[in-house]
Amino acid sequence: MNKRFISIKTKLTIGVILICLVIGAVAVASVFKISGDIIDKEYCDRAEAVAEAVAYAIDADDLNELKEAVLEVYGDGKSVVPSTEWGSDEWNEYQAQYDDIRNLPAFSRVQEKFRDYQEIYDVECIYSTTYKIKAMHAIYIIDGAYGEDECPPGCVDSFDDGIWPDEAHPIVPATITNEEVYGWLVTAVYPVMRDGKIVSFICVDISMDDVKAKERRYVLTTAAAMVILTIIMLIIALVYVDRSMIKPVIKLSETAKNYCSENRDVVHHAFEKIDIKNSDEIGQLLDSMKQMETDMNKNINSLVDTKVALMESQQKAQSMQELAIKDPLTGIRNKTAYDHEVSVLEKDLADGFNEFGLAMVDLNFLKKTNDTYGHEKGNISIRRLCMLVCEVFDHSPVFRIGGDEFIVVLKFRDYKNIDSLIEDFNARLEAVQADDELQPWEKISAAIGYAKYDKTMDKTVDDVFKRADKAMYERKVAMKAERKD
């Protein structure tokens, strides 16, 4: 039996075709993998940065109040109806137990903040959860989504595996998922801290559908370009079939195969290091590979520069925001911050929350201190009074609203214990006055007066402010009379 004749040219042609296909496939796979890794990391970093920023910006007290309310209904989790039963009668009946949580003032404040941050950072959704690791439950506290996309408070997801945050490991890497309902999503989690303890976790979802679609189009375009380049190389190979062309092609093939396996660095220089002297199409192929590598490296560096610029812009914006509400002399919040607090209190009044009060504090003899000992000594008096006010009212926000005037927004514990706190404040001032080791500008004197919101006489926060200011002035008058006696 005669063997079928196959010419060397045919064998070489088949070999060249296979080699070119390998080069193209490996190159496309390399581009897809590198670009995919960069995009995935960029989106993960962005989601983690947004989650961290929101965790620091959100009111931990409000979030803690909502978490406690949810967990009170959740109990030990034995009677939970998980989200897999969403829409069933049992699930609706179970979720109805959490309906009152939506009526809490803290719920509307936190949800409004979440939705504002969703628009600011252009993310899919921001929500808060807490985890019961032993029960393998992820419990939704509050969701910033709208309409049917919103997960209600108390909604429980069960999980069997994966990396979940807890007290020992509060920060976990962002994850990327591709589900039929939500599509491509990157999710990041960051803990909200309060008094050194974890209140709950901020979760951020960012949709990657658009970028994944662009990535696929980019890969198809790259693949098409590689196919065209392969055809050109095949025609050239058929014309110049000799041994001098085989080795360069093999070298290129090996480089392409090992392009991603050499190291895990983002930027590669594998094709740049190849030294081939051919002045033919193989040389052109090498130049094309080098150009592709250079372009890829430029794009990678551009992405890194963009990320750095974004971080710098965020840091500058944060610094400017802090300076805008911070009093430079005392370090506490200033009149601008107080005005914002007033707007929050007005919203609370509209929502039915009216358990708050205002305490006015005014430093005595500041002008005398400035005239006698200089303004620097007067600044010391202001700072010492500020420190004393902050120590006594350590559960309430303190603001410096004027040269020698401070105001305390009384809530919760301080609101209930205001009379004993006033006595403590005055007692501390008397102790300072009696301390002979202190300098005259250190022996501070101040008048304090307060008023609690009374719906029978107060319509606005300013009404409470006026009554507190009047009480402080009456105290100042009484102190002058005591000194004369």
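Our summary gives segment 87-170 a relative contact order of 23 percent, counting only alpha carbon pairs under 8 angstrom and 6 or more residues apart.
For Ser108, the solvent-accessible surface computed with a 1.4 Å probe is close to 50 Å², ligands and nucleic acids excluded. Below 12 Å, Cα to Cα, which aspartates and glutamates can Lys416 reach? Residues fewer than 8 away in the same chain don't count. In chain and number order, the partners are Glu355. Residues in segment 329-423 average 47 Å² of solvent-accessible surface per residue, probe 1.4 Å, ligands and nucleic acids excluded. For the set Lys247, Lys212, Lys452, the ranking by accessible area, highest first and with no ligand, DNA or RNA atoms included, is Lys247, Lys452, Lys212 under a 1.4 Å probe.
Computed on protein heavy atoms with a 1.4 Å probe, the accessible areas place Arg216, Arg115, Arg333 in the order Arg216, Arg333, Arg115, largest first.
Specify which residue in the list Asn354, Leu385, His395 is farthest towards the positive end of the charge dipole of segment 319-404, using unit charges on the beta carbon of Lys, Arg (+1) and Asp, Glu (-1), about the Cα centre. Going by the charge dipole, the pick is Leu385. Remark: segment 344-485 projects, on average over all directions, an area of 9.1 nm² (convex hull of Cα atoms). Determine the share of segment 374-449's accessible area contributed by carbon and sulfur atoms, expressed in whole percent, with a 1.4 angstrom probe. Carbon and sulfur: 46 percent of the exposed surface of segment 374-449.
Any idea how far apart Ile120 and Lys273 come out in nm if each label point goes 7 Å out from Cα toward Cβ? Going by the 7 Å Cα→Cβ label model, 4.6 nm.
Scattering from segment 113-214 was approximated by placing one identical point on each alpha carbon and applying the Debye formula without solvent; log10 I(q)/I(0) at 0.14, 0.21, 0.22 1/Å stands at -0.56, -1.27, -1.37.
Could you list, in their original order, any pairs among Lys443/Lys476; Lys411/Lys459; Lys367/Lys411 whose Cα atoms are separated by more than 22 Å? Going by Cα-Cα distance, Lys367/Lys411 fall outside the 22 Å limit. Straightening the chain between Ile133 and Leu438 buys 104.3 nm, computed as 0.36 nm per residue apart minus the Cα-Cα spacing. Taking only the alpha-carbon positions of segment 353-437 and ignoring solvent, what does the Debye formula give for the base-10 log of I(q)/I(0) at q = 0.11, 0.12, 0.18, 0.26 Å⁻¹? Rounded to two decimals, the profile gives -0.33, -0.39, -0.80, -1.33. Return the subset of Lys113/Lys298; Lys212/Lys298; Lys377/Lys466; Lys41/Lys132; Lys33/Lys132; Lys67/Lys212 for which the Cα-Cα distance in this structure is over 32 Å, preserving the input order. Result: Lys113/Lys298; Lys33/Lys132; Lys67/Lys212 exceed 32 Å.
Here the extension length gained between Val181 and Lys290 equals 35.1 nm, from 0.36 nm per residue of separation less the Cα-Cα distance. Note on segment 407-457: Kirkwood hydrodynamic radius from all Cα pairs is 12.9 Å, rounded to one decimal. The Phe32 and Asp339 beta-carbon pair, evaluated with R₀ = 51 Å, returns a calculated FRET efficiency of approximately 0.45.
Start at zero, step by 5 Å, and the Cα-Cα distances of segment 1-155 spread as 1, 7, 13, 14, 12, 10, 7, 5, 4, 4, 4, 4, 4, 4, 3, 2, 1, 1, 0 percent across the bins. Once the C-beta distance of Val477 and Lys78 is scaled by a Förster radius of 56 Å, the resulting FRET efficiency is 0.35 to the nearest 0.05.
For Glu376, the accessible surface of its heavy atoms amounts to roughly 110 Å² (probe 1.4 Å, protein chains only, rounded to the nearest 10). Surface composition of segment 56-202: carbon and sulfur atoms hold 48% of the protein heavy-atom accessible area at a 1.4 Å probe.
The values are calculated or read from the model by the stated rules, or taken from the named source; none is laboratory data. As the structure is a computational prediction, the values presented were derived from the model and not from experiment. Note that we place each Cβ from the backbone using ideal geometry, even for glycine, and neighbour counts take in every protein chain shown. Heads up: the accessible areas ignore ligands, DNA and RNA and are worked out on the full protein's heavy atoms, side chains in. Shrake-Rupley method; radii C 1.70, N 1.55, O 1.52, S 1.80 Å.
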